[in-house]
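Notes follow the structure.
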2 protein chains.
Amino acid sequence: MTDILVSEVGPRDGLQSIDRVMPLEAKKRWIAAEAAAGVKEIEVGSFVPPKLLPQMADTAELVAFARGIEGLNVVALVPNAKGASRAAEAGVHAMSIPFSMSETHSIKNVRKDHPAMIAEIAAASAIAREHDIHFAVGLSTAFGCTMEGAVAEDQVVRLAEKAVEAGAEELSLSDTTGYADPAQVRRLTRKVRAAVGADRLTTLHLHNTRGLGLANVVAGLEEGITTFDASLGGLGGCPFAPGASGNLVTEDLVLMLNAMGLKTGIDLEKLLEVRRIVEEALPGEPLYGFTPDAGPMLDYKQRAAA
Amino acid sequence: MTDILVSEVGPRDGLQSIDRVMPLEAKKRWIAAEAAAGVKEIEVGSFVPPKLLPQMADTAELVAFARGIEGLNVVALVPNAKGASRAAEAGVHAMSIPFSMSETHSIKNVRKDHPAMIAEIAAASAIAREHDIHFAVGLSTAFGCTMEGAVAEDQVVRLAEKAVEAGAEELSLSDTTGYADPAQVRRLTRKVRAAVGADRLTTLHLHNTRGLGLANVVAGLEEGITTFDASLGGLGGCPFAPGASGNLVTEDLVLMLNAMGLKTGIDLEKLLEVRRIVEEALPGEPLYGFTPDAGPMLDYKQRAAA
């Protein structure tokens, strides 16, 4: 039994932000090694048109591969109903569709306003239901938008309700822009849960753009959040500058949770070794994280066993 | 009125970890600029023998200078009763003596076991009392030690009580080694406060060696801690490797607290400009922090005013 589910999104969120394409075999090694380290859920790719994101062109093959790993929950991102059909055909356990709380960002990113996105969510959820696939909606830019600035919390709550009406079995709050602060994480988690029920919102997707990633995790833990997305080496997200990673770093998240005595089922040493696979496949690509340099505390195992 | 006091320790904790000596005039510019940015407390130096730490040789002059800045609380570190006399003579508002919870570390660092340190604290506190100077004891290695590993929480509680008996008006829990995790911060804060009273423990001195610094701040805030030490650019502490800073970065701490709507009285833009003074005085010295690269959120002022 684990207390907290660490959901690895690097093969999707990380690799889609990089120009180079990681070879399929390297992706497989990465996924297999993380699963062997105890990671129980991996977002392996995205069913977007390969013309738009050639980095994700092999997602169906990865799903098939990952399905062969016992005990691993295989997730893929789908941008729309068409992607949902491809994901269902590939055989994912779960699919997740991003729904931007900032309408400006939504229009800019996927050329759909909010009503059009709700329609897309309804169509995609129907496909998921038909194939008995878990269907999640990621409420992106929930904590603010680089174009609009603040996104009204009432708007997030209202759109969360609409997403559930359109078929979302689960929601996540996504800090796409690295805008979240701990007080806001607590407040927004409570508000959305009050509207849609606590069991519908169990996941936070946090970034570390401003160094607040783990601080926001603590706020989420205080609210009873049980799933956190993270990316190995902090790959991807929206890095601004060297040293400023985008995504939450899986290694640092696991160090913190394990040191707190929360069970993740993940072996930190084995997880740190997975970095080599990514480094070899993407030479020169910056990987982030404090734990790889500093190492765990001397009494880490004692804490983790507590 | 401020909700949270950010106490700048860079001129002491930062500069003592660096081989080069920052010129007195640069230190003055740094202290004056931080005070002008709204920082209300600065640890300006340490009354250690200049032979041991030439970087701190001008501490008395800095105290005199800093005392001239209206509204600024001027703190100095003292290692022993002799240092306390020099600090009193120089005219500090407050002095702080480190007391290592790990006896191995204490013996290695200042060649004193716990009974000898308690005697030193009693002697130093008598000097402080005589001069009506606020007297604090920093419980260093409170969250673990690089030599001993885990430091028993009961031992920290017991030594905290002894420090109060010896004259400590205030205690701080100090994560000298970057070992603290958020669960431990909450637990140890509660235990020590239960033993000595909540009003005696209002300060945390946290490091960011493993990237958990701000996560630990959130844990401290949940427990009602109201003062956090930090160092501009994360200067000092015990950096392990490039990218892994030692001290908590003042700029990131202020960004987070202000964004949470907690009043620090500090102007983030002005604070970020202070980095230039340090960069010019210590060319090539690495400064850390996410905020300088990423900048505040677009709606930062809106949040900070909330």
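The values are calculated or read from the model by the stated rules, or taken from the named source; none is laboratory data. Everything numeric in this text was worked out from a predicted model, so none of it was measured. Positions of Cβ are generated from backbone atoms using ideal geometry, with glycine treated the same way; all protein chains shown enter the neighbour counts.
Structure summary
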quantity	calculated
Failed item, numbered, when A:A195 is tested on (1) within 14 Å of another protein chain (Cβ to nearest Cβ); (2) within 21 Å of A:V156 (Cα to Cα)	(1)
Sole exception among (1) crowded, with 23+ Cβ neighbours inside 10 Å; (2) modelled with pLDDT of 95 or more for B:F290, by number	(2)
Tally, over the stretch B:62-72, of residues that are outside any helix (DSSP H, G or I) and buried (at least 18 other Cβ atoms within 10 Å of the Cβ)	1
Condition check for B:E153: within 14 Å of chain A (Cβ to nearest Cβ), more than 15 Å from B:S100 (Cβ to Cβ), of a type outside the set (A, V, I, L, M) and surrounded by fewer than 24 Cβ atoms within 10 Å (Cβ to Cβ)	yes
Test: residue in the stretch B:219-227 that is aliphatic (A, V, I, L, M), more than 27 Å from B:G71 (Cα to Cα) and at pLDDT 95 or above	yes
Top-ranked residue in the stretch A:1-36 [being of a type in the set (D, E) and modelled with pLDDT of 95 or more; ranked as surrounded by the most Cβ atoms within 10 Å (Cβ to Cβ)]	A:E8
In the stretch B:280-306, residue farthest from the other protein chains (Cβ to nearest Cβ) [restricted to those that are within 24 Å of A:Y288 (Cα to Cα) and of a type in the set (D, E)]	B:E285
Complete set of residues in the stretch B:107-148 that are among the hydroxyl-bearing types (S, T, Y) and either modelled with pLDDT of 95 or more or in contact with a helix residue (DSSP H, G or I) (Cβ under 6 Å, 6 or more places away or on another chain) (or both)	B:S125, B:S140, B:T141
Qualifying position, being hydrophobic (A, V, I, L, M, F, W, C) and away from chain A (no Cβ under 14 Å), among B:V218, B:V185, B:V164	B:V164
Flag if A:L204 is at the interface with chain B (Cβ under 8 Å from one of its Cβ atoms), of a type outside the set (D, E, K, R) and in contact with a helix residue (DSSP H, G or I) (Cβ under 6 Å, 6 or more places away or on another chain)	no
Residues of the stretch B:105-122 satisfying the condition of being surrounded by 16 or more Cβ atoms within 10 Å (Cβ to Cβ) and either in contact (Cβ under 8 Å) with a residue 40 or more places away in the chain or not aliphatic (A, V, I, L, M) (or both)	B:H105, B:S106, B:N109, B:K112, B:H114, B:I118, B:E120, B:I121, B:A122
Candidate set: the stretch A:228-244, residues that are more than 18 Å from A:A33 (Cβ to Cβ) and at pLDDT 95 or above; chosen: the one nearest to the other protein chains (Cβ to nearest Cβ)	A:F228
Among residues of the stretch A:156-191, those that are β-branched (V, I, T), touching a strand residue (DSSP E or B) at 6+ places or on another chain (Cβ under 9 Å) and surrounded by fewer than 24 Cβ atoms within 10 Å (Cβ to Cβ), counted	3
Checklist (1) crowded, with 24+ Cβ neighbours inside 10 Å; (2) more than 19 Å from the chain's Cα centre (by Cα); (3) free of Cβ contacts under 8 Å to residues at least 40 places away in the same chain applied to B:T209, failing item	(2)
Number of positions in the stretch A:1-27 that are touching a strand residue (DSSP E or B) at 6+ places or on another chain (Cβ under 6 Å) and among the small types (G, A, S)	3
Output for the stretch B:245-274, where each listed residue is within 14 Å of another protein chain (Cβ to nearest Cβ) and either assigned to a helix (DSSP H, G or I) or of a type in the set (D, E) (or both)	B:T250, B:E251, B:D252, B:L253, B:V254, B:L255, B:M256, B:L257, B:N258, B:A259, B:L268, B:L272
The stretch B:125-147, residues that are within 14 Å of chain A (Cβ to nearest Cβ) and buried (at least 18 other Cβ atoms within 10 Å of the Cβ)	B:T141, B:A142, B:F143, B:G144, B:C145
